[in-house]
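Trainee: Take a look at the following structure, please.
Derivation of every value follows stated rules applied to the coordinates shown; laboratory data play no part. All values reported here derive from a predicted model rather than from experimental measurement. Cβ atoms come from the backbone with ideal geometry, glycine included; neighbour counts cover every protein chain shown.
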Amino acid sequence: MNSRSIYLICYDVCCPRRLRQVHQFLLGYKTGGQKSFFECWLTPRELRDVRMRLIELIDPVEDRVHIFQLDPRMTPVCYGVAVTRAINTPFIVT
């Protein structure tokens, strides 16, 4: 069984067409987040696939994508209408 790690994927894409493509692509992996910040539980292979696809979708001169591995042991601090999500059951990403 492949273990999953949690990542925060953030993007700033200038072109509306590329922005839609990146957003639609990442919707298939996200478990939480908002707008251009997505929390994604990924296996090492999924992470590799996500990185390769994002490189294809963006313009490296105009756009940027950041992928941060988060520590799942840390307790999130939320303010405003933010909600902490706990994933207690297995899930499948297709």
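Trainee: Output ³J(HN,Hα) for the stretch 29-43: one whole-Hz value per residue in order, computed from phi by the Karplus curve 6.51 cos²θ - 1.76 cosθ + 1.60 with θ = phi - 60°, and x for Gly and Pro.
Mentor: 10, 6, 10, x, x, 7, 6, 10, 10, 10, 8, 9, 8, 10, 7
Trainee: Another one. How far apart, in nm, are the 7 Å Cα→Cβ label points at Phe25 and Cys10?
Mentor: 2.0 nm
Trainee: Residue by residue through the stretch 10-15, what is 3J(HN,Hα) from phi via Karplus (6.51 cos²θ - 1.76 cosθ + 1.60, θ = phi - 60°)? Round to whole Hz and write x for glycine and proline.
Mentor: 10, 9, 9, 10, 6, 7
Trainee: So if R0 is 30 Å, what FRET efficiency would Thr75 and Arg45 give, r being the distance between their Cβ atoms, rounded to the nearest 0.05?
Mentor: Efficiency, rounded to the nearest 0.05: 0.55.
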